[in-house]
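Just so you know, all these numbers are worked out from the coordinates, no wet-lab data involved. This one's a predicted model, so the numbers in the text were calculated from it and none came from an experiment. Here Cβ is always computed from backbone atoms with ideal geometry, including for glycine, and neighbour counts include all displayed protein chains.
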Amino acid sequence: MSTFIENSSTLETMFNIEIPKVKLIFLGDSGVGKTSIINRFVHNVFIDKLDSTLGAQYSSKIIEYPNFNVALQFDIWDTAGQEKFKSVTKFFYRDALIIILVYDITRESSFDEIKNFWLNQIQIFGEKDAIVCLCGAKNDLITIEQIKEEDARKFAKENQIYFRLTSSFNNEGIDSMFEFLGKIYLKKNNLVKNKNSFSLSTKKKKIKKKKKCC
């Protein structure tokens with residue numbers, strides 16, 4: 001089980017450690033649910049009506065992995081999906097080692113854009129070793145879905161990327177997606193520490209009382 005933490009500077013000061021950071025960007029058409037996923041993950045809130053993201057917005061959050069004795073800070077960039085911002089978005093690919101491609105399961109056109117535009121942009125501008133995940137958003141609206149899960153999984157497999165379904169409304173699949181991608185990043189970059197390494201959740205050692213003599 002992982003622990004979710006918001007303030008990295010406080011932890012780094014308190015424990016005198018440096019928490020590794022990873023840049024993560026969200027890509028996808030306007031209105032697919034990118035901002036809602038981030039709001040749910042970072043602040044655990046759902047806002048029904050949101051204004052479209054202009055340019056890009058930044059937020060961050062830490063996940064602690066007790067089994068790995070390490071924590072990881074996600075530096076998250078929420079990019080605009082409108083046509084007029086697509087040329088600007090490419091500047092955010094630099095140093096992004098986790099990329100989440102979001103489509104709306106009720107909008108076939110948003111999935112087509114993943115196939116015909118966004119994935120191609122990653123291949124051109126993205127980091128060579130970036131971890132890429134296809135994310136189907138608004139899974140609470142499955143009764144009116146236009147993209148079948150099996151079709152999305154097949155596409156992800158064919159393109160050697162990961163796949164997850166999420167619902168910001170029901171708070172389903174979001175924490176587990178970040179946790180999963182973080183684990184892959186940690187292992188891939190040899191950031192998993194051994195059992196004797198420091199952990200933020202290290203328990204205080206019990207002090208044995210000396211027996212009184214005589």
In this structure, among 138/187; 34/61; 21/115, pairs with alpha-carbon gaps over 27 Å are 138/187; 21/115
Residues 37, 147 in order from fewest to most other beta-carbon atoms within 10 Å are 147, 37
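Under a Cβ-Cβ cut-off of 15 Å, what is the net charge of the residues other than residue 153 that fall near it, where Lys and Arg count +1 and Asp and Glu count -1? Walk me through the numbers on the way to the answer.
Values: positive: 115, 148, 154, 157, 164; negative: 145, 149, 150, 151, 158.
Local net charge: 0.
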When 183, 188 are arranged by how many other beta-carbons sit within 10 Å of their Cβ, fewest first, they go 188, 183
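Quote the FRET efficiency, to the nearest 0.05, computed for residue 42 versus residue 157 with a Förster distance R0 of 30 Å and r equal to the Cβ-Cβ distance.
Values: r = 30 Å, r/R0 = 0.99.
For residue 42 and residue 157, the calculated efficiency is 0.50.
What ranking of 154, 61 emerges when the number of other C-beta atoms within 10 Å of each C-beta is taken as an exposure proxy, fewest first? Kindly include the intermediate steps, with their values, before the conclusion.
Values: 154 12, 61 19.
Fewest-to-most ranking of 154, 61: 154, 61.
Can you pull the Rg over Rh of the stretch 65-155, Cα-only, Kirkwood?
On the way: Rg = 15.0 Å, Rh = 14.8 Å.
Looking at the stretch 65-155, the ratio lands at 1.01.
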